[in-house]
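Here's the structure we're looking at; comments come further down.
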Amino acid sequence: MKKIIALILMLAVVIGCFSGCSGKSKTTIRVYNWGEFIDMDLLDKFEKETGIKVLYDVYTDNESLYAKIKNSGEDAYDIIVPSDYMIKKMISEDMLAKLDFNNIPNYKNLNESYLKPSYDPTGEYSVPYFYGMVGILYNKNKVDGKITRMKDLFDEKYAREVCMLYSMRDTIGMTLKMLGYSMNDTDPAHINEAKDLLIKQKPNVLAYGTDELVPKVTDGTAAMAMVYSGDGVVAASEDPDNVEFVIPEDGTNIAMDSMVILKTSKNKEAAEKFINFMLDADNAAQNAETTGYSTPNKAAWELLDDETKNDERRYPSDAMTAKSEEFTSDNSFYVAAWDEILAQ
């Protein structure tokens, strides 16, 4: 009997060891993405379908993303989702891996017009994820009439009731646009003009931020805020009687955020499976509906309802597109101005 008990205990230990070892060997990928930029249910769905675990972190702007990657050492993350100009910078610094599209068959679902963009002209390093714009979210009960232009954020009657994006490129870029310059202007005189105007605006500014700005508008703490289009669309759809989101008549930044794999990734094939999963038409449509952002996935777009397809805050008209720009200039031209703005 003692031998039988000992044998049972030994088998239990062996089975436990195999179970533990199996759990430890489970493939894990780390994804670093913008806040409020994915339907979190899709992460669970991916893990159930593939057995690959996802560790998910968020950042607030391209500059903090870049700094984190540079300072984290090897294998900090597998997939990141930078914007156009940051992808260009990372390619130039040899930070990204070339993709194996044999592992990404759903790449075929993407709209061809978004492939091989200026920031990745060979199309080897990036896969379009979402595009979005900068707009203004405002509380109808806190403003006079309708808010339609960037200059409304600078109106002195809204002292301490305006929120601005904590984003050097967006905030300075949109101000340059308002002044009649290109968002990619590198003329020091023009950048200083935008800087001075933003410093003069400081008495209006309640806060600089990103995801946390939306609640300030919806609860009436702030009258208006610069926000990204997905955040604005979702907030306005949830409370249409009190909140509105608009793309400024001046034009805006149309930014493409794309999925890329870091060159230091130790799980590149698993990361490519994740990218392929996110490009599935049903998954991409669900993601777009939840987040409010604009999908470059043609197969997913065809699944959206007509109201969404015709919403120019998500899918801008040709006239708005003609007035808008994507960021192409090196953001180093704006660092000193931004530091001075924040220091005031």
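Annotations for the structure displayed:
- Cβ pairs under 8 Å, 6+ apart, first in region 309-337 and without any contact (Cβ under 8 Å) to a residue 12 or more places away in the chain, second open to solvent by less than 60 Å² (accessible area, probe 1.4 Å) and in a loop (DSSP other than H, G, I, E, B): Lys309/Tyr315
- The set of residues in region 170-195 being among the hydrophobic types (A, V, I, L, M, F, W, C), outside any helix (DSSP H, G or I) and open to solvent by 40 Å² or more (accessible area, probe 1.4 Å) consists of Leu179 alone.
- All conditions in (1) within 19 Å of Tyr32 (Cα to Cα); (2) open to solvent by less than 10 Å² (accessible area, probe 1.4 Å) hold for Ser294, with the sole exception of (1).
- Counted residues, region 88-98 - those being in contact (Cβ under 8 Å) with a residue 60 or more places away in the chain and open to solvent by 20 Å² or more (accessible area, probe 1.4 Å): 4
- Residue match in region 73-84 (condition: open to solvent by 60 Å² or more (accessible area, probe 1.4 Å) and at negative phi): yes
- Here the condition is being of a type in the set (A, V, I, L, M) and surrounded by fewer than 19 Cβ atoms within 10 Å (Cβ to Cβ); of Ala271, Ala281, it holds for Ala281 alone.
- Number of positions in region 196-238 that are part of a helix (DSSP H, G or I) and within 25 Å of the chain's Cα centre (by Cα): 17
- If you check Tyr107, Tyr129 for being at pLDDT 95 or above and assigned to a strand (DSSP E or B), only one passes: Tyr129.
- Any chance Ala271 is touching a Gly at 6+ places or on another chain (Cβ under 9 Å) and under 26 Å from Asp94 (Cα atoms): no
- Criterion (over 18 Å from the mean Cα position of the chain (by Cα) and within 28 Å of Tyr166 (Cα to Cα)) met by exactly one of Ser64, Ser72: Ser72
- Only one of Tyr138, Tyr158 that is of a type in the set (Phe, Trp, Tyr) and out of contact with any helix residue (DSSP H, G or I) (no Cβ under 6 Å at 6 or more places or on another chain): Tyr138
- Flag if Thr60 is at pLDDT 95 or above, surrounded by 10 or more Cβ atoms within 10 Å (Cβ to Cβ) and of a type in the set (S, T, N, Q): no
- Considering Asp250, Asp241, the condition of being over 22 Å from Asn33 (Cβ atoms), at pLDDT below 95, outside any helix (DSSP H, G or I) and more than 17 Å from the chain's Cα centre (by Cα) is satisfied by Asp250 alone.
- The number of residues in region 290-308 being over 28 Å from Ser92 (Cβ atoms) and either in a loop (DSSP other than H, G, I, E, B) or in contact (Cβ under 8 Å) with a residue 60 or more places away in the chain (or both) comes to 11.
Yes or no, residue by residue, for (1) open to solvent by 10 Å² or more (accessible area, probe 1.4 Å); (2) charged (D, E, K, R); (3) free of Cβ contacts under 8 Å to residues at least 40 places away in the same chain:
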position	(1), (2), (3)
Pro121	yes, no, yes
Gly135	no, no, no
Asp144	yes, yes, yes
Ile147	no, no, no
Asp152	yes, yes, no
Met164	no, no, no
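The values are calculated or read from the model by the stated rules, or taken from the named source; none is laboratory data. What you see is a predicted model, and the numbers here were worked out from it, not measured in a lab. Cβ atoms come from the backbone with ideal geometry, glycine included; neighbour counts cover every protein chain shown. The protein model used for the area step is the full one, side chains on, heavy atoms only, and it has no ligands, DNA or RNA in it. Shrake-Rupley method; radii C 1.70, N 1.55, O 1.52, S 1.80 Å.
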